[in-house]
Structures are given as structure tokens and as C-alpha cells.
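Comments concern the structure below.
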Amino acid sequence: QLQASGGGLVQPGESLRLSCTASGRVFSINGMGWYRQAPGKERELVALSTGYVRRYADSVKGRFTITRENKSMLSLQMTSLSPEDTAVYYCYAVDATQTYWGQGTLVTVSS
């Protein structure tokens, strides 16, 4: 089970930190990451963390930082937010057999 939190309403240029906490069989998790889905758009991968690998979407490179705090906690530090970052952000985790999804947390960037 995954629980995402930290979303909210911020102004352009501000920062926000999302957190994702996993429960259950956390030691079987191989990787975690974040997707987002903006209104009227398809879900897109924002960032992922697998082992020592960190990958980011081009649109967030240099602004977002993903951190695997421990086996069960993942964060996404977002800076220099723009209205284009407005979306529901979903955390996910993968083990050897399947992908698990959190419920999503809404990030709204607006002046």
C-alpha cells in the first residue's frame, strides 16, 4: 500500500515537497517513482529511483529531486514550480511481479 501526501496550492516559482510512504512488503520493492497526470493529458513519468539510478523527465530536470529516504519512503522535492506542473501526482512502487500505485496528490500552481 502506498500513501502520497504533500500536494497543495502554490504560486509560480515556489517549492513543494511530496512524500510517499509504503507499507506491507517494503523489502521486496525494487524501485519507486512518481507519475503525474494533468487535466486532459496522459499520465507521464516524472522521476524514478531504482538502486543508484535516478531519472527525470526533461521537463523537470534541474528543478525536481527524487530521494529514496529508506525502503519505505520516497520524496519529490519540487522547485521553481510553474502552472505547467499542475497535475495529480502519483507515486508507484515495483517489485518482481507487479506495480503498486498510491492514490495521488493534487499539485496546483497558480497565481
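Overview of values
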item	result
Residue within region 32-52 that is among the β-branched types (Val, Ile, Thr), closer than 14 Å to Glu69 by Cα and open to solvent by 20 Å² or more (accessible area, probe 1.4 Å) present	yes
Region 59-111, residues that are without any contact (Cβ under 8 Å) to a residue 24 or more places away in the chain, surrounded by fewer than 13 Cβ atoms within 10 Å (Cβ to Cβ) and of a type in the set (S, T, N, Q)	Asn70, Thr97, Gln98, Thr99
Test for Leu9: is it surrounded by fewer than 13 Cβ atoms within 10 Å (Cβ to Cβ) and in a strand (DSSP E or B)	yes
Cβ-Cβ under 8 Å pairs, at least 6 apart or on other chains, region 43-58 side under 20 Å from Val88 (Cβ atoms), far side modelled with pLDDT of 95 or more and part of a loop (DSSP other than H, G, I, E, B)	Glu44/Ala57; Leu45/Ala57; Val46/Ala57; Val46/Val60; Ala47/Ala57; Ala47/Val60
Strands (runs of 3 or more DSSP E) fully within region 22-102 counting 2 or more residues that are modelled with pLDDT of 95 or more, within 17 Å of Gln1 (Cβ to Cβ) and within 12 Å of the chain's Cα centre (by Cα)	31-37, 87-94
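The values are calculated or read from the model by the stated rules, or taken from the named source; none is laboratory data. Owing to the predicted nature of the structure, the values given are computational and were not obtained by experimental measurement. Positions of Cβ are generated from backbone atoms using ideal geometry, with glycine treated the same way; all protein chains shown enter the neighbour counts. Remember, those area values only see protein heavy atoms, side chains included, never the ligands or the DNA or RNA. Shrake-Rupley method; radii C 1.70, N 1.55, O 1.52, S 1.80 Å.
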